[in-house]
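What follows is a single structure, written as structure tokens, with notes after it.
The values are calculated or read from the model by the stated rules, or taken from the named source; none is laboratory data. Just so you know, these numbers come straight off a predicted model, no measurement behind them. Cβ: placed from backbone, ideal geometry, glycine included. Neighbour counts: every protein chain shown.
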Amino acid sequence: MKSRKKRELAPSFPRHPSIFYNDSARQSDRKFIFCFSPRLCFPLEKTPCREFPFYAVSVYLYGMKFRTEIRIAPLSVRIGYENRLLALGSCFAEHISGRLSGARFRITSNPSGILFNPLSLAATLESYAAQQEVVPEELGCRNGLWFHYGFHGAFSDGSQKMALSKMNLARRAGASALREADRVILTFGTAWVYELRSTGEIVANCHKQPAELFRRRRLTVEEIVARYDDLQAGPLAGKQVILTVSPVRHLGDGLPDNFLSKATLRLAIDEICRRHADTTYFPAYEILTDDLRDYRFYADDLVHPSQQAQRYIWELFTAATLTEEARRKLPQVEALTTAAGHRPLHPESDEYRRFCRKQLEIIESLPEIDLNREKEFFNQFL
């Protein structure tokens, strides 16, 4: 008769008489040990039970889950260091593009400033494609500042000439980036728009003008999809596109209207992806609202994602969108940029010079990545 393998029992540790312990669970079934005094959850292999014998309670969890993790399959649109990228949209687009830029991907982000609604985003892309110059007749003036309804307030200026100069520089930068880009990342922030009552124009920014000048309404799914169809036939022709819905909450619209807005955007993107094979969706909105799903993952304003949430979304984004080669090189690039960001304590030492030479060797092994800033930094110590 075959001998049965002895069942593995819980490890022994000091016990408190008022606590119930379940020793019948197998080692493989026991996932965590909760410590009630520190109010922390520790993995079993790092349990502090021996250090905190009277505060620790072993709670064996049989495959229980306390959050819904989103499993994202690799997207059909992939990003590598050889690609040229253009990112447009809300402030969440700035977060992602900032991290891509920090990882030394070649990306241009929001040349005309942050854009929140899909139709203003489309109008901006069309202005880049047409290489339209901003003319004085397009500007408005209030409280001594010249502004444009298609640009962010950062481009406004007390001088009309200076405002025009800044806006046209941005247009030219956007036109160049669009022309060179083979990957485009578009982030839709809200379906609520403001139309000028006088012209029916949907503005990208109200520039704190009187409310009576505008009519507020919500875009329809059909409007968004139709405008995107036009973009695919024009400025986005031949380019691969990643669409996202910004997880940033627009509390100024009120929570019910914010949910209506996000639902409209999500439905529109679903239809867009069905129609266009070279367009795909990354679920940034779902990650924050369903996977993380907690106020501790929001910043102090309870609107924007916290730094921790941004890092988590970035990790999922890189896993889903980067090519295998780009994922392999990313840790090297991040290590180089981090090292170049530190001020050395003893730059004259032989040890640090050897370190700099080693970093320069790594840079030379990555010729397709723009690491000129890092190269210049390390060279100055040799």
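Let me confirm something: among Phe188, Phe105, Phe214, which residue is among the aromatic types (Phe, Trp, Tyr), touching a residue at least 12 places away in the same chain (Cβ under 8 Å) and farther than 30 Å from Thr321 by Cβ?
Working: Phe188 fails: farther than 30 Å from Thr321 by Cβ; Phe105 fails: farther than 30 Å from Thr321 by Cβ.
Only one candidate passes the filter, namely Phe214.
Please work out if Asp270 is in a loop (DSSP other than H, G, I, E, B), surrounded by fewer than 21 Cβ atoms within 10 Å (Cβ to Cβ) and not hydrophobic (A, V, I, L, M, F, W, C).
Values: in a loop (DSSP other than H, G, I, E, B): no; surrounded by fewer than 21 Cβ atoms within 10 Å (Cβ to Cβ): yes; not hydrophobic (A, V, I, L, M, F, W, C): yes.
It is false that Asp270 is in a loop (DSSP other than H, G, I, E, B), surrounded by fewer than 21 Cβ atoms within 10 Å (Cβ to Cβ) and not hydrophobic (A, V, I, L, M, F, W, C).
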Contacts under 7 angstrom Cβ, first residue in the stretch 361-381 being not assigned by TED's automatic domain parsing to the domain that holds Ser101, partner assigned to a loop (DSSP other than H, G, I, E, B) and surrounded by 16 or more Cβ atoms within 10 Å (Cβ to Cβ), 6 or more apart: Ile363/Leu371; Glu368/Tyr81; Ile369/Tyr81; Ile369/Arg104; Asp370/Arg104; Leu371/Arg104
Long-range neighbours under 9 Å by Cβ, at least six apart or interchain, first residue on the phi < 0 side of the Ramachandran plot within the stretch 266-293, second of a type in the set (Asp, Glu) and surrounded by fewer than 16 Cβ atoms within 10 Å (Cβ to Cβ): Ala268/Glu222; Glu271/Glu222; Ile272/Asp229; Arg275/Asp229; His276/Asp229; Tyr281/Asp270; Pro283/Asp290; Asp291/Glu69
All strands (runs of 3 or more DSSP E) inside the stretch 67-162 with 2 or more residues being in contact with a helix residue (DSSP H, G or I) (Cβ under 6 Å, 6 or more places away or on another chain): 84-89, 106-109
The stretch 280-316, residues that are assigned to a helix (DSSP H, G or I), among the aromatic types (Phe, Trp, Tyr) and over 20 Å from Arg78 (Cα atoms): Tyr295, Phe297
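So, in the stretch 146-163, how many residues would count as being out of contact with any Pro (no Cβ under 7 Å at 6 or more places or on another chain) and in contact (Cβ under 8 Å) with a residue 24 or more places away in the chain?
Residues of the stretch 146-163 out of contact with any Pro (no Cβ under 7 Å at 6 or more places or on another chain): 146-159, 161-163.
Checking the rest, the ones that are also in contact (Cβ under 8 Å) with a residue 24 or more places away in the chain come to 147, 149-156, 163.
Total meeting the criteria: 10.
When you scan the stretch 191-211, how many residues do you find that are among the aliphatic types (A, V, I, L, M), free of Cβ contacts under 8 Å to residues at least 60 places away in the same chain and part of a strand (DSSP E or B)? Don't jump to the end; show me each part of the working.
At the first step, the residues of the stretch 191-211 found to be among the aliphatic types (A, V, I, L, M) are 191, 193, 196, 202-204, 211.
Restricting the remaining residues to those that are free of Cβ contacts under 8 Å to residues at least 60 places away in the same chain gives 196, 211.
Add one more test, that the residue is part of a strand (DSSP E or B), and what stays is 196.
Residues that pass the stated criteria total 1.
Going by the structure shown, is Glu351 in a helix (DSSP H, G or I), among the charged types (D, E, K, R) and touching a residue at least 12 places away in the same chain (Cβ under 8 Å)? Before you say what the answer is, go through the steps one by one.
Numbers: in a helix (DSSP H, G or I): yes; among the charged types (D, E, K, R): yes; touching a residue at least 12 places away in the same chain (Cβ under 8 Å): no.
When the stated conditions are applied, Glu351 does not pass them.
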